[in-house]
Structure formats: C-alpha cells, structure tokens
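Trainee: The following block contains the structure, expressed as structure tokens.
The values are calculated or read from the model by the stated rules, or taken from the named source; none is laboratory data. Just so it is clear, the model here is predicted, and its values are computed rather than measured. Here the Cβ is made from the backbone with ideal geometry for all residues, glycine too, and neighbour counts use every protein chain on show. When the accessible area is computed, the model is the full protein with side chains, heavy atoms only, and any ligands, DNA or RNA have been set aside. Shrake-Rupley method; radii C 1.70, N 1.55, O 1.52, S 1.80 Å.
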Amino acid sequence: MKHVASCSFGKDSLATILLALEHGEPLDEAVYCEVMFDKEISGEVPEHRDFIYTTAIPALERRGVKVTVLRSEKTYVDLFTGKITRGPKKGLLRSFPICGRCAVQRDCKLKPILRYQKSLPPDTVQYIGIAKDEQERLLRLAGNRVSLLDKYNCTEEDAKQLCQRAGLLSPVYTFTTRGGCWFCPNAKRKELRHLYDYHSNLWERMLELQALPNKVSEKFNRSETFSDIDAEFRLEDAQESLFQNAA
C-alpha cells in the first residue's frame with residue numbers, strides 16, 4: 001500500500017509530513033501542484049515560492065522524502081483570455097474566476113492532481129493536512145484520506161509551532177493566515193496590500209488584464225474591479241503622505 005502526502009507547503013501539510021517522520025508513519029512521497037500565472041510566473045506568492053524551492057523541498061529531500069511537483073498545461077492567463085464558445089456571451093473573454101466556482105482551482109490544480117492519482121494504486125492512502133480543531137473539514141474525510149494532525153491531536157496552532165521549530169514555516173504567515181494564489185479573488189485586503197507594496201510587477205500584470213476589452217465580467221471579486229482596489233490603495237498612500245507632511 002502506497003502512502004502519499006498532499007502538500008501545499010503551508011503549515012498544516014508540512015506539519016503532517018513532520019509528524020509522519022517523527023512517528024514512523026509510512027510515507028512514499030509528498031505531492032505538490034503548482035498553479036502558474038503564465039508559462040513563466042508562478043501563482044504562488046513570491047515569498048512562498050522561494051520558500052518552497054530553496055528551503056522546504058531541499059529539507060524534505062534531505063530527510064528522505066520524495067517530492068513530486070505537478071503543473072497543469074493551462075495557466076491563469078490561459079483561462080482569463082480564453083473565449084466563451086457558445087451562448088449569449090459567445091466571443092467574450094472568460095475573465096476573472098468566479099468566487100466559489102474557481103475555474104483556476106478546477107483546471108490548474110484539481111485536474112493535474114486527479115490525473116496523477118489515477119496513476120497510483122487504487123488503495124493508496126492520502127495524508128491530508130486538516131488539523132484537530134477543524135472538525136467540520138475532518139467530518140468530510142472519507143475512504144483512504146487520513147489526517148495525521150487529527151491522529152496526533154495537533155491543532156492549527158500546534159502545526160504552526162511544529163513547523164517553526166523545524167525551520168519550515170513559510171514567511172507568508174507574517175502577513176496572512178492562509179495560503180493561496182496571489183491573484184485569488186478571495187484574497188484578503190492585507191494580502192492584496194502586500195502584493196501592491198512589494199510586488200509591483202505582478203500588480204501591474206493584473207491591471208493589464210483588467211484593461212483588456214470584451215470581458216464577460218469586470219469584477220475581480222464579488223464587489224470590486226482590480227482597478228477599484230488599485231485606486232483605493234493609491235488614495236491610502238496619498239492620505240498617508242499628506243498626514244506625514246503635515247506632521
């Protein structure tokens with residue numbers, strides 16, 4: 001029987017691997033699917049991608065854990081610029097993914113994972129990083145999907161501390177409590193502000209997409225365009241500058 005850990009390199013999935021190593025649980029490999037913005041740029045927040053490839057993967061490999069990296073042939077930009085082929089909106093760009101029905105999650109992440117899972121033996125055990133204090137999510141686990149965090153009574157905070165002690169806590173936790181693509185419509189204001197402040201090249205790419213004509217929707221999330229958010233941050237900066245000059 002094969003044992004595979006699903007890994008995003010967030011605290012819960014890394015803590016799962018650390019627990020497996022600590023307690024001698026069987027583990028054949030860790031599987032990570034990297035969503036791409038385009039053919040060259042990762043969908044991971046840059047700090048997290050650097051952590052994955054320069055710190056986390058080498059550390060796991062030194063501990064004898066095989067890491068398999070999956071990617072879809074499709075990227076965020078591919079989906080964004082793809083055209084609707086039928087119906088009243090035929091010919092329009094598909095534009096920003098819909099909150100709660102994310103085509104990026106479906107096509108760029110789930111499809112490569114499901115395709116890879118089909119290559120594994122049918123009785124493969126999959127370790128899922130769900131903490132002891134996430135009971136609602138734990139109740140949805142079924143079949144050969146197992147939570148080692150639950151088995152070893154590890155909460156989300158415990159998982160964070162475990163990663164920190166091992167030197168494997170992603171730097172994204174200094175400005176967010178969650179992982180996710182930097183272009184995610186569910187991104188919180190603090191995450192978007194971080195992108196605006198520290199990764200202007202990525203921010204500009206989103207503004208370029210916003211400016212494309214003939215989109216099925218102009219909204220980045222449920223209520224705003226990306227240009228709206230950009231204008232808000234620019235106003236915040238201008239007000240802060242006035243305040244500092246007045247002081």
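Trainee: Are any of the residues in the range 64-73 out of contact with any strand residue (DSSP E or B) (no Cβ under 9 Å at 6 or more places or on another chain) and open to solvent by 60 Å² or more (accessible area, probe 1.4 Å)?
Mentor: Yes, that holds for at least one residue.
Trainee: Could you check the range 119-146 and list, in sequence order, the residues that are polar (S, T, N, Q) and assigned to a loop (DSSP other than H, G, I, E, B)?
Mentor: SER119, THR124, ASN144
Trainee: Could you say whether any residue in the range 92-108 is within 26 Å of VAL31 (Cα to Cα), open to solvent by less than 100 Å² (accessible area, probe 1.4 Å) and basic (Lys, Arg)?
Mentor: The answer is no, given that none of the residues of the range 92-108 is within 26 Å of VAL31 (Cα to Cα), open to solvent by less than 100 Å² (accessible area, probe 1.4 Å) and basic (Lys, Arg).
Trainee: Under 6 Å by Cβ, and 6 or more places apart or on different chains, what pairs join a residue from the range 209-224 that is under 17 Å from GLY82 (Cβ atoms) with one that is of a type in the set (Ser, Thr, Tyr) and not in a loop (DSSP other than H, G, I, E, B)?
Mentor: GLN210/SER227
Trainee: Mind listing whichever residues of the range 27-45 are surrounded by fewer than 17 Cβ atoms within 10 Å (Cβ to Cβ) and either under 23 Å from LEU202 (Cα atoms) or polar (S, T, N, Q) (or both)?
Mentor: ASP38, LYS39, GLU40
Trainee: Considering only the range 162-182, state which residues are part of a helix (DSSP H, G or I) and either buried (at least 18 other Cβ atoms within 10 Å of the Cβ) or free of Cβ contacts under 8 Å to residues at least 24 places away in the same chain (or both).
Mentor: Within the range 162-182, LEU162, CYS163, GLN164, ARG165, VAL172, THR174 meet the criteria.
Trainee: Out of all the residues in the range 115-126, is one or more in contact (Cβ under 8 Å) with a residue 40 or more places away in the chain and either within 28 Å of SER217 (Cβ to Cβ) or in contact with a Phe, Trp or Tyr (Cβ under 7 Å, 6 or more places away or on another chain) (or both)?
Mentor: For the range 115-126, residues in contact (Cβ under 8 Å) with a residue 40 or more places away in the chain and either within 28 Å of SER217 (Cβ to Cβ) or in contact with a Phe, Trp or Tyr (Cβ under 7 Å, 6 or more places away or on another chain) (or both): absent.
Trainee: LEU149 is checked against (1) assigned to a helix (DSSP H, G or I); (2) closer than 28 Å to PHE80 by Cα; (3) touching a Ser or Thr at 6+ places or on another chain (Cβ under 7 Å) and fails just one. What number does that condition carry?
Mentor: Among (1) assigned to a helix (DSSP H, G or I); (2) closer than 28 Å to PHE80 by Cα; (3) touching a Ser or Thr at 6+ places or on another chain (Cβ under 7 Å), LEU149 violates only (2).
Trainee: Can you work out which of the residues in the range 202-216 that are more than 19 Å from GLU240 (Cβ to Cβ) and under 19 Å from the mean Cα position of the chain (by Cα) is surrounded by the fewest Cβ atoms within 10 Å (Cβ to Cβ)?
Mentor: Filtering the range 202-216 for residues that are more than 19 Å from GLU240 (Cβ to Cβ) and under 19 Å from the mean Cα position of the chain (by Cα), the one surrounded by the fewest Cβ atoms within 10 Å (Cβ to Cβ) comes out as LEU202.
Trainee: Condition (residue is modelled with pLDDT of 95 or more, of a type in the set (S, T, N, Q) and either more than 19 Å from the chain's Cα centre (by Cα) or open to solvent by less than 20 Å² (accessible area, probe 1.4 Å) (or both)) applied to the range 222-232: is it met by at least one residue?
Mentor: yes
Trainee: Let me ask something else. ASP123 passes all but one of (1) closer than 23 Å to HIS3 by Cα; (2) open to solvent by 80 Å² or more (accessible area, probe 1.4 Å); (3) among the acidic types (Asp, Glu); which number fails?
Mentor: With (1) closer than 23 Å to HIS3 by Cα; (2) open to solvent by 80 Å² or more (accessible area, probe 1.4 Å); (3) among the acidic types (Asp, Glu) applied to ASP123, the lone miss is (2).
Trainee: Still on this structure: Looking at the range 12-118, what helices (runs of 4 or more DSSP H) fall wholly within it and have at least 1 residues that are under 26 Å from HIS194 (Cβ atoms) and at pLDDT 95 or above?
Mentor: Helices (runs of 4 or more DSSP H) meeting the threshold: 46-51, 57-62, 76-81.
Trainee: Then there is this: Just name the residue that is nearest to LYS74 (Cα to Cα) out of those in the range 1-26 that are among the hydrophobic types (A, V, I, L, M, F, W, C) and surrounded by fewer than 17 Cβ atoms within 10 Å (Cβ to Cβ).
Mentor: Among those residues, the one meeting the criterion is MET1.
Trainee: I've got another one for you. Return yes when ARG49 is free of Cβ contacts under 8 Å to residues at least 24 places away in the same chain, open to solvent by 90 Å² or more (accessible area, probe 1.4 Å) and within 18 Å of the chain's Cα centre (by Cα) and no when it is not.
Mentor: no
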